[in-house]
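Working notes, structure below.
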Amino acid sequence: MNAVVIAVCLMLFLSFIRINVVVALTISAVVAGLVGGLTINQTIAAFNDGLGGGAQIALSYALLGAFAAALSHSGLTTLISHAIINKLGQEPNSSNTQMVRWLLLLTILAMAISSQNILPIHIAFIPILIPPLLHVMSKLNIDRRLIACILTFGLVTTYMILPIGFGGIFLNDILLANLNTNGLNALSSQIPQAMLLPALGMVCGLFIAIFISYRQPRQYMIEQPVSNSTQTPTINRKSIVISISAIVITLIVQLQTDSMIFGALSGFIIFRFSGIIKQDISKDLFNQGVHMMANIGFIMIAAAGFAAVVKSTGEVGTLVTSLGDIIGDNKALAALLMLIVGLLITMGIGSSFSTIPIIATIYVPLALSFGFSVAATIALVGTAAALGDAGSPASDSTLGPTAGLNADGQHDHIRDSVIPTFVHYNIPLLIFGWIAAMVL
């Protein structure tokens, strides 16, 4: 059996039985190497070589966590949370409860979408926005699995269809470039059009999550009882001004340097030397923020090592080319199997951006040999890469929501983020991606 299939299935099984994802990725990487024909020394060397690929992301997330902790300490997020709480009124069943619920959901969705293009900060907003609102969600009895689905929808669907920000990187710099390198001759204007139908599958999954799966209330413990007082807390205008300035400068530095590391570091320095954060607690805040995001960083490092081992085995190419014996001349089956293989690869690596260079070399000639059009080939490769980003234990599209929603320890990464997003997005995306390959 193919080493990629064995390793990914093992990683998913270990994660599901609550083995730490870092441990699951490491064990699965070793299994992938050994089954793929590498010696134990070659496997470890490939894993170690790949670790550096996740170091930059890990440091970025650690500093973003420190910045988020400093921002929370400034009082800005507390003020926003208190304002939302006051909108609920004195009674839980007040007439404006549904209005506030929908306003909250739409705000989170809008922020998730804009984090990919308008303000390309990716998941950096989650540890800033979500933790202060958890007790509000608890009071509203909002199922946090719904919030995870909303966040993941904004993080994934946006780059699939809008060629701006991260979408520009995914659609033009990675997808289009790799397609044309392998002989497709596609145009940039064709990419969003071809990805529109698969993206509609994501929209269907979101509607199912909102109106069917998680429409019922879910009870959570309210760690910090919500005060019935309607008085707004005292506003420190200096703190608010500095907080807003830190956010703006963080975004500017990140956009100018194309580095989340220096953006987050700039924001934290502003808080540290503005006088809002006193010297004796700045170290604790920094450690607290780094700890909040450290788990994501370690998982991304381990995922980079796992991906390096998988690539070193050469089993990805073997997996794809072996489909020929199974497919025969069945075009519909060819499309389905290519999408499923893409799902397996992305689930293991945890990044759709990293999956495209792996599969495009083999998928483009294979798709053209079956007579798929340019648009259909674009949809096949783009959807095969995006499949698994939602629902992978090692993807920042699930790790980010978990980091925010589990701030009070009431949100499980596998059961409350990975499984819900896998069911609601990968299944519709698989269906709509197959339809796109057949009709385009």
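Convex hull volume of the C-alpha atoms in the range 149-228, normalised per residue: 148 Å³. Scalar couplings 3J(HN,Hα) for the range 426-431, obtained by applying the Karplus form with A = 6.51, B = -1.76, C = 1.60 to θ = phi - 60°, are 5, 5, x, 5, 5, 5 Hz; x denotes Gly and Pro.
Ranked from highest to lowest mean number of other Cβ atoms within 10 Å per residue, what is the order of the peptides 26-35, 341-350? Mind showing how you got there, number by number?
Working: 26-35: 22.1, 341-350: 26.6.
Going by the mean number of other Cβ atoms within 10 Å, highest first, we get 341-350, 26-35.
Positive contributions from Lys and Arg (+1) and negative ones from Asp and Glu (-1), summed over other residues with Cβ under 12 Å from the Cβ of Ile345, come out at -1.
Report note on the peptides 124-131, 312-319: ranked by the mean count of other C-beta atoms within 10 Å, highest first, their order is 124-131, 312-319.
With the biggest extent put first, the Cα atoms of the range 128-170 measure 39, 19, 9 Å across the principal axes.
When the Cα centres of the range 185-221 and the range 1-50 are compared, how far apart do they sit, in Å? For the range 185-221 versus the range 1-50, the Cα centre distance is 31 Å. Using θ = phi - 60° in the Karplus curve 6.51 cos²θ - 1.76 cosθ + 1.60, the 3J(HN,Hα) couplings for the range 132-138 round to x, 9, 4, 6, 5, 4, 5 Hz; x is entered for Gly and Pro.
Where a number appears in this text, it was derived from the coordinates with a stated rule and is not lab data. Quick caveat, the model's predicted, so the values are computed rather than measured. All Cβ positions, even for glycine, are placed from backbone atoms using ideal geometry, and neighbour counts span all protein chains on display.
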